[in-house]
1. Taking the Cα-to-Cβ direction at B:E185 and at B:D245 and moving 7 Å from each Cα, how far apart do the two end points lie in nm?
2. Could you pull out every residue, at least 5 positions away or on a different chain, whose amide H is within less than 5 Å of the one on B:Y172? Hs are placed 1.01 Å off N in the peptide plane, and Pro or chain starts have none.
3. Can you run phi through the Karplus equation (6.51, -1.76, 1.60; θ = phi - 60°) for the stretch B:321-336 and list ³J(HN,Hα) in whole Hz, with x for Gly and Pro?
4. Mind pulling the per residue volume of the convex hull built on the Cα atoms of the stretch B:225-347? Å³ is fine.
5. Summing +1 for each Lys or Arg and -1 for each Asp or Glu, what net charge is found among the other residues whose Cβ lies under 14 Å from the Cβ of B:G19?
6. Summing Lys, Arg as +1 and Asp, Glu as -1, what charge do residues with Cβ under 12 Å from the Cβ of A:V18 carry, A:V18 excluded?
7. In what sequence, largest accessible area first, do A:D49, A:D70 appear using a 1.4 Å probe?
8. Any chance you could look up the accessible area of B:E331 with a 1.4 Å probe, heavy atoms only, rounded to 10 Å²?
Amino acid sequence: MVKEIERAGIPVVHVCTVTPISMTVGANRIVPAIAIPHPLGNPSLTPADEKQLRRKILTTALDALSTEVDGQTIFEVK
Amino acid sequence: MSKIKVVHYINQFFAGIGGEEFADHKPEIRDGAVGPGMALTGAFGDKAEIIKTVVCGDSYFNENLADAKKAIIDMVRSANPDIFIAGPAFNAGRYGVACGTICEAVKQELNIPVITGMFVENPGAEMFRDKLYIIATKDSAAGMRDAVPAVAALAIKLVNKEPVGASIEEGYLPNNTRVNFFEKERGSKRAVDMLLKKMAGKPFVTEYPMPDFDRVEPNHAVKDIKSATIAIVTSGGIVPKGNPDRIESSSASKYGEYDITGVNDLTDATYETAHGGYDPVYANADADRVLPVDVMRDFEREGIIGKLHNKFYTTVGNGTSTKSSKQFATEYAQKLKNDNVQAVILTST
C-alpha cells in the first residue's frame, strides 16, 4: 500500500514495528514503532505517558515527511 | 546407518500453545516432534528423526530479535543436530520472517544445513530466498501435505551432501543460483508449445522470467508541514465499532473509508480492530494505539500540521494478497490526491 501511495505522488511515511518487512516491501520513509499489537502505544505506561510516547513517534514521522530522502531511510525516534 | 538428527523450529500456534494472545511466548525446547513435526517424521521414515523442537512466539521473536536469536542458537547448539528445519510458515508474515532469520543465524553460527518453507508472497520469502533453501508452499496450512515431502527430501539430500537440483525440480523458491539440467524436449519444441498456448489464451510458464524490481522513487519532502493536510491510513484493521463494512479478519477483500470529522479521540465505545493477525486487546481498548487520531488532532490544534484529513482508509493486512493491497491503495491514493492531501502516515501492526 505504501508503494501505491508513493506512486500516486504523495509522500508517505510507514510507521511499523518490523522494519525489515517495510524495507522489503519498498517503503522509502520508515519510522520504527513500539510493538506489533500496539505500534503507537504502550499499555504499561500511564495514559498521559503513553500519549506522550505516541506524540514522539508522530513527531519523528512528521520530520521524516519534511526530510528529502535519496532512498530507503529509517528515522529512529529520538 | 544412524538416523539424521533434526532440530525443528515452530511458532506458538503450530505448537498448540495458542494464537495471537500467546505470540509473546519465549523460546523453549521440547523433546521429539511437535505439531507439524509429526508429519515430517512420517516423511523421513527411517532416514531422519526430529530429536528436539524449539518453540517461540512470533511477536516475541520479531520484537526481541537479538535475545531470541541467541537463546535459540544456544538451544540448537546443545542438541547438536545434523540439520535445522523451520516452519513451514505458509503466508504468516512474522512467522516467515522468524523462520528465515533463525535459519540464516543457525547456518552462520553452527555451520549446518538449514531449510524452511513459505508462500512466495510471505515477506520472509523476499528477504531470505537468495540466502536459504525455502520450499515453496501454498498460502495456508492446507498446503502442509504438499510441503512436508519436499522439505523432508531436500533435508536428507543436504545432510548427505547429494547434489541439489534446480528450484523447479526440488520445489524451493528460485534463489538466483542457476543449476543446469537436461529438459526432456528440445528448445524449439518447447518454444512452439508455449506460443501455441499463448495464442489459445491458455496459461503457460516462461523459462526466462524478467526480474521484478518494483521500487518507487521517494517523493519530495513536504515543504511546509504547518499548512499541509495529512491523512492517516492503516493496515491494522481499525474500524468503527461493529465493523459496519465487515472487513474480513484475514485475507481482506476490501478496505474501509471512514469519516472522522469532529472525532478527537478513538475510544473502546466507538472504534475497534477487525484484524485477526495480532492480539486485539490493546487496539480494542484504545484504537489510537494503531490509528493515532488523538495526537494528530493535538497537532492540528497546536498548528504543528495544517489539517488532519477528514477521512481515513483502513484494511486488514493479515494474509491479504499483494494484488488486493495494491488494488486498494491505488484506488484510495487517487481519492487522497483528489482531496488535495499532501502527505500520508501509514501505520502497520
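1. It is 4.6 nm.
2. HN-HN under 5 Å from B:Y172: B:A136.
3. 5, 4, 4, 5, 4, 4, 5, 4, 5, 4, 5, 6, 4, 5, 5, 4
4. Cα convex hull per residue, to the nearest whole number: 89 Å³.
5. Here the count lands on -4.
6. Taking every other residue near A:V18 into account, the sum is -1.
7. A:D70, A:D49
8. The accessible area comes out at roughly 90 Å².
The values are calculated or read from the model by the stated rules, or taken from the named source; none is laboratory data. All figures in this text were calculated on a predicted structure; none of them were measured in a lab. Virtual Cβ from ideal backbone geometry, glycine too; neighbours counted across all protein chains shown. Just the protein is used for accessible areas: all its heavy atoms, side chains included, with ligands, DNA and RNA removed. Shrake-Rupley method; radii C 1.70, N 1.55, O 1.52, S 1.80 Å.
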